[in-house]
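> Could you have a look at this structure, given as structure tokens, before my questions?
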Amino acid sequence: MKDLKKLAEELGLAIEESEEFKAYQRAKDIYDTDESLQELIKEFNLKKMAVMQQMQNKTKDDAKLSELQDEMRAAYSAVMAHPIMDEYNDAKDKLENVVNEIYGIINYHVTGQEPGCSGSCSTCGGCH
């Protein structure tokens, strides 16, 4: 078991050395420190909290709730439209794809199932 843990540690370190991980770290650093993006995220979170509070209010005002939900959606759209969010999400997706591919390889050797295989031949396009 000690050898397996050592190999897992080495794999983790190798992932940290990958271009995908480095790109993700750079994007995350920019994401975390960009004041304009963080202000948009803060505004979205405040709108989200206001919606949740209105939904929990015993004397819920449907018109006010609808207005708050529209404001929350607009705040979310502003966050997602920020160019740094695109870069961050793209880098995050690429790193997740690498990790998922590695997990699929490990899972194949543990379970015998090809990555993406559900185990049900009825929905499969065929092995190999």
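Please treat every number below as a calculation from the coordinates, not as lab data. The structure displayed is predicted, hence computed values, not measured ones. A quick note on method: Cβ atoms are made from the backbone with ideal geometry, for glycine too, and the neighbour counts reach across all protein chains shown.
> Name the residues in region 17-32 that are surrounded by 14 or more Cβ atoms within 10 Å (Cβ to Cβ) and either free of Cβ contacts under 8 Å to residues at least 40 places away in the same chain or acidic (Asp, Glu) (or both), would you?
Of everything in region 17-32, just one residue is surrounded by 14 or more Cβ atoms within 10 Å (Cβ to Cβ) and either free of Cβ contacts under 8 Å to residues at least 40 places away in the same chain or acidic (Asp, Glu) (or both), namely Glu20.
> Of all residues in region 6-40, which are of a type in the set (S, T, N, Q) and over 13 Å from Leu95 (Cβ atoms)?
Thr33, Ser36, Gln38
> Restricting attention to region 43-59, does a residue exist that is more than 23 Å from Lys92 (Cα to Cα) and among the hydroxyl-bearing types (Ser, Thr, Tyr)?
yes
> On to the next question. Scan region 32-74 residue by residue and report those that are of a type in the set (A, V, I, L, M) and in contact with a Leu (Cβ under 7 Å, 6 or more places away or on another chain).
Correct list: Ala50, Val51, Met55.
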